[in-house]
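Asker: Handing you this structure, nothing more for now.
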Amino acid sequence: KTEEITCTTGSIVYGDGKCYSGSPTTVQPVGVVFDPTNKLALALSDAGSAVRWAADYCDVSSLTNCTSLSTIMNCAIDGKTNTQALANNSCSTFPAAQNATHYNSSYCKEPFCQQGKWYLPSARDLNLINSIRSMINESLTKAKGTTLSGSYWSSTEYNNIDAWKMTIGQDMMSDDKVDIQAKVRPVVKYVLPSLDESGGGK
């Protein structure tokens, strides 16, 4: 019997923004929970495999520069705010963030995918995902998603030249935002906008 359950770390989120004890046949899986406290889920597939963080070098004025590995769990931790700041900044274009926000338009027709606000995860988000990668990959396989491998961009800026990047199984590092290419794996807040006036995200 398939029943709605409380979403916990590693739970599969379905197209209605809920988690279930079984595999419902009426809605498709859309993500895997990595932060149940903040109701954040990871997309089932990448939104690009060789993407630059920025087209040109610039220091995004509306982003906080996070220049220490020891502080990324507390620095610019809201990926949705970071992604919006990149969308609103004119000093460059930002392919990684653009790929993340466009993920829902081509992925699925569920209400969650259409209404959910996918965005580029923060360094804090990716650090957390990396720490539980085995559980996440197990759930991604179960949901017929693509397991995590290689390097992924965060939405957290280091300075005018670098941004934070995560390579699975390694510590976060900063890397050249224009010359280096990496993958994009979007995240989303899995409360449907109809239930959350903020429209998903904080």
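The values are calculated or read from the model by the stated rules, or taken from the named source; none is laboratory data. Worth saying up front: this structure is predicted, and the values here are computed from it rather than measured. Backbone-built Cβ (ideal geometry, glycine too); neighbour counts: all protein chains shown. Protein only, heavy atoms only, side chains kept; ligands, DNA and RNA dropped before computing areas. Shrake-Rupley method; radii C 1.70, N 1.55, O 1.52, S 1.80 Å.
Asker: Hey, could you pull the Cα Rg and Dmax for the chain, both in Å?
Answerer: Gyration radius and largest Cα-Cα distance of the chain: 16.0, 54 Å.
Asker: Please list 57-63, 159-165, 25-31 highest first by mean number of surrounding beta-carbon atoms within 10 Å per residue.
Answerer: Listed from highest to lowest mean packing, they are 159-165, 25-31, 57-63.
Asker: How long is the gain from Ile5 to Thr93 if the chain were fully straight, where each residue apart is worth 0.36 nm and the alpha carbon distance is subtracted?
Answerer: Stretched fully, the Ile5-Thr93 segment lengthens by 27.6 nm.
Asker: Residues of the chain: accessible area per residue at 1.4 Å, in Å²?
Answerer: Per residue, the chain has an accessible area of 45 Å².
Asker: Using the Kirkwood radius over Cα pairs, work out the Stokes-Einstein diffusion coefficient for segment 122-162 at 20 °C and 1.002 mPa s, in µm²/s as a whole number.
Answerer: 187
Asker: Here's a follow-up. Relative to the present Cα-Cα distance, how much length would full extension add between Asn65 and Thr25 at 0.36 nm per residue of separation?
Answerer: Fully extending the segment from Asn65 to Thr25 adds 9.9 nm.
Asker: On C-alpha positions alone, give me the angle between the axis of helix 133-142 and the longest principal axis of the chain, in degrees, nearest 10.
Answerer: Roughly 50 degrees, rounded to the nearest 10.
Asker: Can you sort Glu110, Glu157, Glu4, Glu138 by solvent-accessible area, 1.4 Å probe, largest first?
Answerer: Putting Glu110, Glu157, Glu4, Glu138 in descending order of accessible area: Glu138, Glu4, Glu110, Glu157.
Asker: OK, next. Report the Cα centroid-to-centroid distance between segment 155-186 and segment 1-72 in angstrom, as an integer.
Answerer: Centre-to-centre distance over Cα atoms comes out at 17 Å.
Asker: Further, regarding this structure: Set the Förster distance to 30 Å, then compute FRET efficiency between Val178 and Asn38 from the Cβ-Cβ distance, nearest 0.05.
Answerer: 0.45
Asker: At 1.4 Å probe size, with the rest of the protein present, what percent of the exposed accessible area of the chain is carbon and sulfur atoms?
Answerer: In the chain, the share of accessible area belonging to carbon and sulfur is 46 percent.
Asker: Hey, what do the phi angles of segment 143-150 turn into as Karplus ³J(HN,Hα) couplings, whole Hz, using 6.51/-1.76/1.60 and θ = phi - 60°, x for Gly and Pro?
Answerer: Values, residue by residue: 8, 6, x, 9, 5, 7, 7, x Hz.
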